[in-house]
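Asks: Just dropping this structure here.
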Amino acid sequence: MNTILQPILVSILAGCLVLIAPKRFRRVIEVFSLLTSMYLLVACVRIFNIAPLTGKFLYVDGLSRFIVLAIGFFGALISLYSLRFMAAYKEIGQYYANVIWTIGFSILAAVSNNIIVLLAAWGFLGFTLYMLINMGGPKTAPISKKTFIIIGGTDSLMLMGFALMWFITNDLMLSNMKIAIDSSVSFWAFLLIAMGALAKAGAMPFHTWIPDTAKEAPIPVTAFLPASLDKLLGIYLLARLVLNVFILDSHTYAILMVVGAVTIVAAVMMALVQHDFKKLLGYHAVSQVGYMVLGIGTGNPIGIAGGLFHMLNHAIYKCCLFLSGGNVEYKTKTSGLDSLGGLAKFMPVTFLTTLVASFAISGVPPFNGFFSKWMVYQGLIEKGKSGGTLWVFCIVAAMFGSALTLASFIKLLHAIFLGKSKNGIRNTNDGQRNEVSITMWLPPVILAGLCIAFGVFAYILPLKYLIGPAMPEGFHFIGTWPSLAATAFLVIGLVVGLAIYLCGNFKGVRETAPYIGGEEATKDMRLSGTEFYNTIKEMPLINAIYNKAEKKAFDIYEQGKRILFSFIRVFQFLHNGVLPTYLVWCLLGIMVLLFTLVR
Amino acid sequence: MTNHLLPLFVIIPLASAFVNSLLGKRIKGFSDIISSIATLFLAVISVYSVFLIKDSGMIVYKVGGWAPPIGISMVMDGLTSFMLVTVNVIAFFISIYSINYMEKYTEKWNFYCLFLLMIAGMNGVVISGDMFNLYVFLEIAAISSYALVAFGTEHEGLEASFKYAVMGTVASSFILLGIVFLYSFTSTLNMADMSMEIARKGASCIVLLASVLFLMGFGLKSALVPFHAWLPDAHPSAPAPISAMLSGVLIKSLGIYALIRIFFSVLGAEPKILSIMMVLGVLSMMVGVILAIGQWDLKRLLAYHSISQVGYIILGIGLGTPLGILGGLFHLLNHSVFKSLLFLNSGAVEYAVGTRDLEKMGGLREKMGVTANTSLIASMSIAGIPPFNGFWSKMIIIAACVEAGHFAFAFCAVIGSILTLASFMKVQRYAFFGELKSTLNQIKEAPFFMKLSMIVLAVICVAGGLLLLPDVSKVFLGPARDAVLAGSEYAKDVFAALR
């Protein structure tokens, strides 16, 4: 018990301390927060090592243990990264307090067995997210508002779902529940809680906060919450519901699969046409949730394991991508793809981490993203064995999405690191160094290393220690991917290719200035990469959809607002401020009351 | 003799109002001190009364030594002491807030005088065991609140006060009419006696008619839709401490408490009346919040939220189940804390910026840290974000609705909660976050006493959830809930306590 409660209490107290510490002890606050997050990491490792536990309030099994470990890991990494990145921000105490609280309450949410505790921890995380987004200064105010309305709103729906669950089982302990979807009440209970989980993870239709947040909030915040922790928790809860709490029927699974498939394709299409790398990554953070939901929606062990593994992998590579992007932004003070270019030479470490993570997210073997996607596909095929046609569409959507992901990361890599920068000026020129300092490149390097390790040694490391114990009934592969052998072959292939290239007449390669239509190109004529996929954007039907999306026609928040304001106008019209009108209402009210009571 | 404590709740504010009007003008700072001391003392004895009730169950005081059916009585049970704590603790913080805030008005002693009269009225309503006395105290509180709304004597306040007075008087006369009907039916005015008499005579049309009149009258006092229209005018136009007082405690002690006391303890909670209460509650909840979200005037927005939150309270109480009543009462307490805090925040903003228009604010966080943070806490509380107090009571109300099988009401409560969050996000975004307007570069944070009371109320918002801990709730919320649930046992308890 104490192993679990101690870090949570420490995080609450440490957060309060950091919050009230005077601003002039900036260094102290930073170091103290870093130490706290390191302590929390250690505590998470300790929780990971305890035996499974079922208590009145706490519940630790393979699934929650591995989530807790991941929470501690990302928390420590982000605190390390923030040391330098957040140095330019005011209100540092508020930032670190919220980061520490987020870690503590995420742990609590992951290990709680009591639905009220879960709900409280979960709801508080929405608040810390709101405060963290607000760190971005005045321009983030509208975005934090939108985010919190979506997150807090779905939390309320979740509250209703939990209340229904309590109504059905008359119990507050998750571990005691086994609810079959046999009535509309249990169906709604599942759906409402799933809404909360999906909104946190960022699946459609509750996704719209993620791209906006990614664009404006400070990068460590985006990397910490929408990219990693919120995914971990959202998918954790969904998996928990599917694995332990509910016994779903095929219709409910179908809903999840459709949500997953639509999310994958729609979000990746949006990502394809972005001009800002943070927003592009934000859309991918939505798109990848689709795979996780799809995997869990298959309902078979391999699919769920794939969804969970993909969640972990996604947190790793997306965090890596955001932090690498943060390095670029830190050095160049911009996140617009149009004005970047040619940074590979100046920021080699960042380039490599981005490259690895891009391959991982696009599902290129032997990186981790490939492995988990492969497991999700297997889950879909397994699902296909039981008939139906939905799985075919889903698998097509997933593969199509994967291809488009690769396409959009080619664009990203080209626009930032390859190609030429605007006006041919190198834009990292801010002093002595080009690459960022160690506290900023170390976290992405660790994450990129994990991308490789989890892909190459998938069977030996993550599946054995993390995913395997999380799946109570175990899972089996229908097609094995010999990751080690395959990697060896890939490396051999690359080496051979390189040898051929070096032996051949590579010296004959020449570089020339661009030459267009018989005229010398001016310096600003370059291929920035942002226009790579304009052809897709200009296709007739797709163009219309993009235009609608630009106008936020698919944004549940904007549409809700529109409907609400039409109601408001009616009510405001009725409140005309004239006393006799109001008295007439009272009179009518009395008449109705009399009619209902005395009749 | 513990029961001599009871009249103090009326005597202290009345006496200090009197002394205030005599000396307040002559001695500078006198009215500040006397009203702070008086409200502090009231707060302390109200908290003390909670422990008394825990030991002795019910305390009855015979005014002038006359035994109840003939004489007037004052009765204190769990519900009463709960309400007394709510009213007097909030009143104390509002009183110290006024020390700085009311500086900008002339005739501060008049303000304190009316303020204390209002407290006397509210305490009287809560503690009275006699129907007609309840009406008299209700009028004392109501009339002083009419005057306080117009205290600024600006165009807006006067108009609002006029509307409020007219509608309030209509309500009061309906209440009086209801009391008259009951008196004609039972030949007694003592609540306990009346309750027994009604139980003996059985159901009658007269009781139903009186119920309708009470529902309307007290419904108007507690601003239930469709009787709410005075509130969005009256609450914003008053000076901020008074807005806080009106929204925080007046509508509750005059409206909700009286509804509970009369319908549960005197008339007996009939299922039909309870379902009407639930419907009115849901209606207020939705209409109030939808109107609130469209407002740009900060205080008006808050006022509409009072309608909506009263809806939650009435919904919880209308359920009639132990859980529902607990949720309703807890929400009543929480609402009075966070809503008075929000009004005090709006007062601090108005004090510094000089406007209530959200569009003219922005980025105040930079300049007014305390106000911004306390208002953030209060906003989170009212929006039902854990771990702040509003979350717990809303959760209980929603769970109670589900428990009773009213899924549609529970869902409305959830939607209302989402919209509440949305509108407070609007407040935070336009007032405190966002770009600092260049015109606001010179503003300063509110003075000491204003900050002090805001901070303490914010702390209560944060820690409020602890009241639900089993040991604490046994002392405070539990007896209040049991008193409501006791229903017609009330009468027997009163007579038992007399013996």
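The values are calculated or read from the model by the stated rules, or taken from the named source; none is laboratory data. This is a predicted model, so every value here is computed, not measured. Using ideal geometry, Cβ is built from the backbone for each residue, glycine included, and neighbour counts are taken over all protein chains shown.
Asks: Working only within the range A:541-567, note down all residues that are farther than 27 Å from B:VAL287 by Cα and in a helix (DSSP H, G or I).
Replies: A:LEU541, A:ILE542, A:ASN543, A:ALA544, A:ILE545, A:TYR546, A:ASN547, A:LYS548, A:ALA549, A:GLU550, listed by residue number.
Asks: Now a separate question. For the range A:120-145, give me each residue that is within 7 Å of another protein chain (Cβ to nearest Cβ) and charged (D, E, K, R).
Replies: Residue satisfying the conditions is A:LYS145 alone.
Asks: When you go through B:LEU267, B:LEU283 one by one, which is the residue that is over 18 Å from the mean Cα position of the chain (by Cα), within 27 Å of B:ALA210 (Cβ to Cβ), modelled with pLDDT under 90 and not basic (Lys, Arg)?
Replies: Details: B:LEU283 fails: modelled with pLDDT under 90.
Among B:LEU267, B:LEU283, only B:LEU267 is over 18 Å from the mean Cα position of the chain (by Cα), within 27 Å of B:ALA210 (Cβ to Cβ), modelled with pLDDT under 90 and not basic (Lys, Arg).
Asks: Ok, one more. For residues that are within 22 Å of A:SER11 (Cα to Cα) and within 16 Å of the chain's Cα centre (by Cα), tally how many sit in the range A:129-150.
Replies: At the first step, the residues of the range A:129-150 found to be within 22 Å of A:SER11 (Cα to Cα) are A:129-135.
Still in the list and also within 16 Å of the chain's Cα centre (by Cα): A:129-130, A:132-133.
Number satisfying all stated conditions: 4.
Asks: Within the range B:445-458, can you find the residues that are farther than 12 Å from B:PHE338 by Cβ and either assigned to a helix (DSSP H, G or I) or within 21 Å of the chain's Cα centre (by Cα) (or both)? Steps first, please.
Replies: Step one: filter the range B:445-458 for residues farther than 12 Å from B:PHE338 by Cβ, giving B:445-453, B:455-456.
Scanning the range B:445-458 gives B:PHE448, B:PHE449, B:MET450, B:LYS451, B:LEU452, B:SER453, B:ILE455, B:VAL456.
Asks: Return the residues of the range B:280-302 that are in contact with a strand residue (DSSP E or B) (Cβ under 9 Å, 6 or more places away or on another chain) and assigned to a helix (DSSP H, G or I); say none if nothing qualifies. Step through it out loud before you land on a result.
Replies: Start the filter on the range B:280-302 by keeping residues that are in contact with a strand residue (DSSP E or B) (Cβ under 9 Å, 6 or more places away or on another chain), which leaves B:296-298.
Listed by number, the list holds a single entry, B:LEU298.
Asks: Report, ordered by the first and then the second residue, all pairs with beta carbons closer than 6 Å, sequence separation of six or more or different chains, a first member in the range B:346-359 that is in contact (Cβ under 8 Å) with a residue 24 or more places away in the chain, and a second member that is of a type in the set (Phe, Trp, Tyr) and crowded, with 18+ Cβ neighbours inside 10 Å.
Replies: Every condition considered, the pairs that remain are B:GLY347/B:TYR101; B:LEU358/B:TYR430.
Asks: Mind checking which pairs have a first residue in the range A:404-418 that is assigned by TED's automatic domain parsing to the domain that holds A:MET270 and within 16 Å of A:ILE536 (Cβ to Cβ) and a second that is among the polar types (S, T, N, Q) and in a helix (DSSP H, G or I), Cβ under 6 Å, 6 or more apart or different chains?
Replies: If the second residue must be among the polar types (S, T, N, Q) and in a helix (DSSP H, G or I), the pairs left are A:THR405/A:SER362; A:LEU406/A:SER362; A:PHE409/A:SER358; A:PHE409/A:SER362.
Asks: Does B:SER46 satisfy the condition of being of a type in the set (Ser, Thr, Tyr), at pLDDT 90 or above and crowded, with 18+ Cβ neighbours inside 10 Å? Break it down into steps so the answer makes sense when it comes.
Replies: Values: of a type in the set (Ser, Thr, Tyr): yes; at pLDDT 90 or above: yes; crowded, with 18+ Cβ neighbours inside 10 Å: yes.
Considered against the rule, which asks whether it is of a type in the set (Ser, Thr, Tyr), at pLDDT 90 or above and crowded, with 18+ Cβ neighbours inside 10 Å, B:SER46 comes out as yes.
To keep it simple, each residue is scored yes or no on (1) free of Cβ contacts under 8 Å to residues at least 24 places away in the same chain; (2) surrounded by 12 or more Cβ atoms within 10 Å (Cβ to Cβ); (3) part of a strand (DSSP E or B); (4) out of contact with any Ser or Thr (no Cβ under 9 Å at 6 or more places or on another chain).
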position	(1), (2), (3), (4)
A:VAL28	yes, yes, no, yes
A:THR36	no, yes, no, no
A:VAL45	no, yes, no, yes
A:PHE48	yes, yes, no, yes
A:LYS56	no, no, no, yes
A:TYR59	no, yes, yes, no
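Asks: Turning to a different aspect of this structure: For the range A:364-397, which positions are surrounded by fewer than 24 Cβ atoms within 10 Å (Cβ to Cβ) and under 19 Å from the mean Cα position of the chain (by Cα)?
Replies: Once the filter is applied, which keeps residues that are surrounded by fewer than 24 Cβ atoms within 10 Å (Cβ to Cβ) and under 19 Å from the mean Cα position of the chain (by Cα), the range A:364-397 yields only A:PHE370.
Asks: For A:PHE148, indicate whether it is buried (at least 24 other Cβ atoms within 10 Å of the Cβ), among the aromatic types (Phe, Trp, Tyr), within 12 Å of another protein chain (Cβ to nearest Cβ) and within 23 Å of A:SER287 (Cα to Cα). So that I can check it myself, show each step before the final result.
Replies: Details: buried (at least 24 other Cβ atoms within 10 Å of the Cβ): yes; among the aromatic types (Phe, Trp, Tyr): yes; within 12 Å of another protein chain (Cβ to nearest Cβ): yes; within 23 Å of A:SER287 (Cα to Cα): yes.
In short, yes.
Yes/no matrix, rows are residues, columns are (1) under 27 Å from A:PHE400 (Cα atoms); (2) not small (Gly, Ala, Ser):
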residue	(1), (2)
A:LYS215	yes, yes
A:PRO218	no, yes
A:PHE224	no, yes
A:ALA227	yes, no
A:PHE246	no, yes
A:THR252	yes, yes
A:LEU272	yes, yes
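Asks: I'd like to check something: does the range B:286-294 contain any residue that is more than 12 Å from chain A (Cβ to nearest Cβ) and modelled with pLDDT of 90 or more? Working first, answer last.
Replies: First pass over the range B:286-294, keeping only residues more than 12 Å from chain A (Cβ to nearest Cβ): none.
No.
Asks: Could you tell me whether B:SER306 is on the phi < 0 side of the Ramachandran plot, among the small types (Gly, Ala, Ser) and within 12 Å of chain A (Cβ to nearest Cβ)?
Replies: On the way: on the phi < 0 side of the Ramachandran plot: yes; among the small types (Gly, Ala, Ser): yes; within 12 Å of chain A (Cβ to nearest Cβ): no.
Criteria not met by B:SER306.
Asks: Determine whether the range B:211-223 contains at least one residue that is within 10 Å of another protein chain (Cβ to nearest Cβ) and more than 22 Å from B:ILE314 (Cα to Cα).
Replies: The answer is no, given that none of the residues of the range B:211-223 is within 10 Å of another protein chain (Cβ to nearest Cβ) and more than 22 Å from B:ILE314 (Cα to Cα).
Asks: Looking at B:LEU457, B:LEU440, B:LEU436, B:LEU467, which one is surrounded by fewer than 24 Cβ atoms within 10 Å (Cβ to Cβ) and either more than 13 Å from chain A (Cβ to nearest Cβ) or charged (D, E, K, R) (or both)? Can you show your working first?
Replies: Details: B:LEU457 fails: surrounded by fewer than 24 Cβ atoms within 10 Å (Cβ to Cβ); B:LEU440 fails: either more than 13 Å from chain A (Cβ to nearest Cβ) or charged (D, E, K, R) (or both); B:LEU436 fails: either more than 13 Å from chain A (Cβ to nearest Cβ) or charged (D, E, K, R) (or both).
After ruling out the rest, the residue left standing is B:LEU467.
Asks: Of the residues B:PHE407, B:PHE449, B:PHE424, which single one is farther than 25 Å from B:SER336 by Cβ and at pLDDT 90 or above?
Replies: On the way: B:PHE449 fails: farther than 25 Å from B:SER336 by Cβ; B:PHE424 fails: farther than 25 Å from B:SER336 by Cβ.
Exactly one residue qualifies, and that residue is B:PHE407.
Asks: Looking at (1) in a helix (DSSP H, G or I); (2) within 16 Å of the chain's Cα centre (by Cα); (3) buried (at least 24 other Cβ atoms within 10 Å of the Cβ); (4) not aromatic (Phe, Trp, Tyr), which is the one condition that is false for A:GLY153?
Replies: Evaluating A:GLY153 over (1) in a helix (DSSP H, G or I); (2) within 16 Å of the chain's Cα centre (by Cα); (3) buried (at least 24 other Cβ atoms within 10 Å of the Cβ); (4) not aromatic (Phe, Trp, Tyr) leaves (2) as the failure.
Asks: In addition: Has the range A:317-332 got any residue that is surrounded by fewer than 23 Cβ atoms within 10 Å (Cβ to Cβ), of a type in the set (Phe, Trp, Tyr) and assigned to a helix (DSSP H, G or I)?
Replies: Yes, the range A:317-332 has at least one match.
Asks: With (1) touching an Asp or Glu at 6+ places or on another chain (Cβ under 7 Å); (2) farther than 19 Å from B:SER128 by Cβ as the list, and B:HIS155 as the residue in question, which single condition is left unmet?
Replies: Looking at each condition in turn, B:HIS155 falls short on (1).
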